[in-house]
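The block underneath contains the structure these notes are about, expressed in C-alpha cells.
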Amino acid sequence: MTLVPQWLRAGVHAGGGEGLEKTKLNLGFIPLTDCAPLVIAHEKGFFQKHGLEVTLSREVSWANVRDKVFTGVLDGGHMLAAMPIATTLGLGELKKPTITALSLDLNGNAITVSQDLYRRMAELDPAAAAERPMSARALKQAIEAGRSAGRESLCFATVFPFSTHNYMLRYWLAAGGIDPDRDVRLVVIPPPHMVSYLSSGEIDGYCVGEPWNAQAVTTGVGRTLITDYEIWNNKPEKVLGVNRDWAERHPNTHRALLMALLETARWIDQSENRIEVVDILAREDYVNAPADVVKMSMTGSFHYQIDAAPTPLPDFNVFFRYAATFPWRSHAVWFITQMYRWGQLRAPIDMRKLAEEVYRPDLYREAAQALGLPCPTLDYKTEGQHDEPWTLREASEPLTLGADRFLDGLVFDPFRPMDYLERFELHNRQVTLDALARVNP
C-alpha cells in the first residue's frame, strides 16, 4: 500500500506549507456508472487520505447538479463534459464562470431503441439493422416509412441539451442523413427514467450512459444500436466541475480534490478492482441497479440485445488509461463546434479563448506532478487520426493514448474549427462561418 506523506496526514497541500482552505465538501453526482470516481474515492478512503471529508449528494437531473453548484449548495460535482462551457456562456437558464481541471472518464454511453422500432428497422433493411457498428440507414428508412404512413415523428431522449449524449445522438443521426431538428423529436429525460419512458412507449429511443442501456436490454424493453465508443473512439464524457471563483478561493482544497480523484481513477482502471467497483456502485445510495446489470459494461463487454451473447468492448469504460483524466482543451473546442453546428450558440466567440478559460490543464498538471504521475505537455490534440492505441511523446514521459476515430472518418483539428464545421452538410448553424472566422483567425 502506498505510504501517505506527512503533509497529507497533516492535511497540508503538496504545493506549499499552507493547509486546506476547506476540508468538508459536498459533491453532487447522477446515478450512472461513470460516477465511479466520486463514489470510490468516498468508499475507499481516497478523499480522507487527502485531508477531505466529502458528502456525496445523489441528484435527480443534470440541471439539479448545475443549479446547486451555481448557488453553492454543492462545492462541485459530476458534470457532463460540455456543462462547464454552457454554464460559463449562460446557455440555458444560468450564467456563471465554471471550470474543469479533471476528466472523469471516456466513453460510457449508447443509443437504445424500443423493440418495436428495431423490428421495423430490421424488416425494412435487414443488412443495415445487423451491421456493426450500425449506421442510421435502417432508421432513416423507418422514419421515411412512418412519414409516408402519416405517423407522428419518432421521439428520442437525451439527458441534457449541452451533453455528449445530445451531440453523439445528433452526430450519428446526421451521419446517416437524418436531420435531428426536422426528422425526429428530441426531448430531455433524466437518466434513471429512460427505461420506464421507453417501456411505456412515450419515447422510441434514447442516448444515455450505463447502466440504463443494459437495463433496457436485460429486461427486454429495448435493443442497443450503437455505443458512443463506436461513434467517436475514446471521446470525453464526464468531468469534475466547480465554479471558477470557488477554485480561486480554495486552491489547495481544489488540488487535494483533484489528487484524490486521480488516485481513485488509477485504482478503478486496475482490472482486479472492477468487480468491487461494480458491487459498490450497484448499492441503493448510488446507482441503485442490479450488480449483474452494472457489471456488463464495467468488466469489458457490452450487451446489445437480450437474445445474443455480450460483445467484448474493453474500452467502453475508461477512467485512467489513455490519459483519460486529462482535460484536453481540444475537447472543449470540439464541444463548442457542436454548439454552433446545432444552433445553440448564436453569436461569434473566440473558441480557443473560451476553451482556455473553462478547461484547466494547468491545474491538472499541478495535481499530477504532486503525485508523480505523467501528463501531457500539450493542451490540444487532433482527433480522428488513430485506429489503434498510439504513443504521445509530448508528455512528461511517453503516454499511450487510445484510438480516436469518428464514425464518418472526419478529422478534427482544434486549430481549424471552421474547416471542420464546413464539412457538415446537415446543420442548424445560426452564425455564418465568415463571422466565426473573424474572431477565430
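The values are calculated or read from the model by the stated rules, or taken from the named source; none is laboratory data. The shown structure was predicted, so the numbers you read here are calculated from the model rather than taken from an experiment. Note that we place each Cβ from the backbone using ideal geometry, even for glycine, and neighbour counts take in every protein chain shown. Please note that ligands, DNA and RNA were not included when accessible areas were found on the heavy atoms of the full protein model with its side chains. Shrake-Rupley method; radii C 1.70, N 1.55, O 1.52, S 1.80 Å.
Some notes on this structure:
- Heavy-atom accessible area with a 1.4 Å probe sorts Arg119, Arg266, largest first, into Arg119, Arg266.
- Here the label points at Asn26 and Arg244, each 7 Å from Cα along the C-beta direction, are separated by 2.5 nm in the simple model.
- Full extension of the chain between Ile275 and Gln115 gives 54.6 nm of extra length, using 0.36 nm per residue less the Cα-Cα distance.
- DSSP assigns beta bridges within the chain; of those with both partners inside it, close to 65 percent run antiparallel.
- Accessible surface of Trp342 - all protein chains present, 1.4 Å probe, nearest 10 Å²: 10 Å²
- Carbon + sulfur, % of accessible area of the chain - ligands and nucleic acids excluded, 1.4 Å: 48 percent
- At an R0 of 22 angstrom, the distance between the Cβ atoms of Ser57 and Ser301 translates into a FRET efficiency of 0.10.
- Taking every protein chain into account, the 1.4 Å probe leaves Asp116 with about 80 Å² of accessible area, to the nearest ten.
- Label-reachable residues, segment 45-73, where backbone N falls under 20 Å from a point 7 Å from Val187's Cα toward its Cβ: 60-64
- The accessible area of Phe319, taken with all protein chains in place and a 1.4 Å probe, comes to roughly 0 Å².
- DSSP-assigned coil residues among trypsin sites (Lys or Arg not before Pro) in segment 122-163, each with at most 12 further Cβ atoms within 10 Å: Arg151
- Accessible area per residue, Å², the chain with all protein chains present, probe 1.4 Å: 38 Å²
- Taken along the Cα-to-beta-carbon direction at a fixed 7 Å, the label points for Leu433 and Thr382 span 1.8 nm.
- Between Glu425 and Asn288, the simple label model (points 7 Å from Cα in the Cβ direction) yields a spacing of 4.6 nm.
- For the pair segment 387-441 and segment 295-334, the centres of their Cα atoms are 21 angstrom apart.
- Sorting the segments 257-265, 433-441 by their residues' average number of neighbouring beta-carbon atoms within 10 angstrom, most packed first, yields 257-265, 433-441.
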